[in-house]
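The values are calculated or read from the model by the stated rules, or taken from the named source; none is laboratory data. None of these values were measured; they are calculated from a predicted model. No Cβ is skipped: glycine too gets one built from the backbone with ideal geometry, and neighbour counts run over all protein chains shown. Ligands, DNA and RNA are stripped out before the accessible areas are found, and what is left, the full protein with its side chains, is counted by its heavy atoms. Shrake-Rupley method; radii C 1.70, N 1.55, O 1.52, S 1.80 Å.
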Amino acid sequence: MSHKENIDAILNSVERTIVGKREISELSLTALIAGGHVLLEDVPGVGKTVMVKSLAASIGAEFKRIQFTPDLLPSDVLGVSIYNPQQMEFEFRPGPIVGNIILADEINRTSPKTQAALLEGMEESSITIDGKTLQLPRPFFVMATQNPIEYEGTYPLPEAQMDRFLFKLKMGYPTRDEEIEVLSRSESQIPPELTAPAITLDDLLELQVAATDVVVDATVKSYIVDCATATRLHASVYLGVSPRGSLGLMKACQAFALIKGRNYVTPDDVQYLLPYAFSHRIILHPDAEYSGHSIETVLIDVLAKVRVPVIRTNSV
């Protein structure tokens, strides 16, 4: 099958278990193809876990779930070395981070030390145990969730760790008709983990390689950098988007263009993905928040003020 056929097969497979979340499915797949990770912030019960399970099942990936709690230790995530008296040596038993698709459930409920254990793997695609480095399997994709309502007993992710996520997404509640469809499907729906894969892991790895070949015109690269720079210079912003954020947005645009069946990135791709890639990388001045400004209004202002390039699609 072609790249577009493989992408459509993944999205159609996810939609068999997730009702009315095509946009979130596309964005999650964009992050996966771009080699990034997703922070999913929403209230319980809107389908976050089912979304990740469905995505893993659609590509035949090994799915692991980590339920973060205050007493969780780094070794509970990474794994531990246990002495084997028969072999008279230590054996490493990998933790749940060693998988393809990892659901880090309620990541803000565990200690910063345990959070860092997960985030090291996200950044380096490897973990270090007893001075030895273990490469994580490919693809490696983390979708972390956190509840925006409950703050008691939580450990908010610091800016340096938020920056490790490519996107910050919100699923939102379904519409009335979508929720009725959810109730109807529940009577005979097959669990995501029992559905047949739509593509293979090798197919997905090919998609990741293909995304890197998507053309990004020099004017589009300049547009991305100008938008990032505008966040740093904005009067309401205390900390703007880092170069890692600019790079992440460009890679996301390449993956999104591939999903849409194009071999080039457009300024529209940048405008569409920018809020998802930049919103969690910005910290406002306290007085800006008191004045009623928000990160959303800052990004709207940035997109309105930065000049949009005009490119000829037939030139790429």
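Annotations for the structure displayed:
- When the square roots of the Cα gyration tensor eigenvalues are ordered a ≥ b ≥ c, the ratio a/c for the chain is under 1.5, which makes its shape rounded.
- Helix-only mean residue ellipticity at 222 nm for the chain, each DSSP H run of n ≥ 4 adding -39500 (n - 2.57), per residue, nearest 500: -13500 deg cm²/dmol
- Length released on extending from V43 to R176, taking residue separation times 0.36 nm less the Cα-Cα span: 46.1 nm
- The mean sequence separation of alpha-carbon pairs under 8 Å and at least six residues apart, normalised by the residue count of the chain, gives a relative contact order of 22 percent.
- The range 2-187 - percent of accessible surface contributed by carbon and sulfur, probe 1.4 Å: 51 percent
- Per-residue SASA entry for V310, accessible area with 1.4 Å probe, Å² rounded to 10: 130 Å²
- Considering only Cα atoms, the convex hull volume of the range 213-305 works out to 82 Å³ per residue.
- The antiparallel fraction among DSSP beta bridges confined to the chain stands at about 40%.
- Whole-number D in µm²/s for the range 1-127 (Stokes-Einstein; Kirkwood sum over Cα pairs; 37 °C, 0.692 mPa s): 202 µm²/s
- The range 87-176: GluC sites (Glu not before Pro) in DSSP coil with no more than 11 other Cβ atoms inside 10 Å: E152
- Rel. contact order, % - alpha carbon contacts under 8 angstrom, at least six apart, the range 2-187: 30 percent
- A cut-off under 10 angstrom between Cβ atoms defines the neighbours of P174, and their net charge, with Lys, Arg +1 and Asp, Glu -1, is -2.
- Rel. contact order, % - alpha carbon contacts under 8 angstrom, at least six apart, the range 213-316: 38 percent
- L258 - accessible surface, heavy atoms, 1.4 Å probe, Å² rounded to 10: 20 Å²
- Test item: Cα-centred dipole of the chain, Lys/Arg +1 and Asp/Glu -1 on Cβ, debye: 640 debye
- Length released on extending from R22 to E123, taking residue separation times 0.36 nm less the Cα-Cα span: 33.6 nm
- Applying 1/(1 + (r/R0)^6) with R0 = 41 Å to the Cβ-Cβ distance of Y238 and Q86 gives a FRET efficiency near 0.10.
- Percent accessible area from carbon and sulfur atoms, the range 213-305, protein chains only, probe 1.4 Å: 58 percent
- Averaging the Cα positions of each part gives two centres, and for the range 91-160 and the range 197-215 these lie 24 Å apart.
- Per residue, the chain exposes 49 Å² of solvent-accessible protein surface, assessed with a 1.4 angstrom probe and all protein chains in place.
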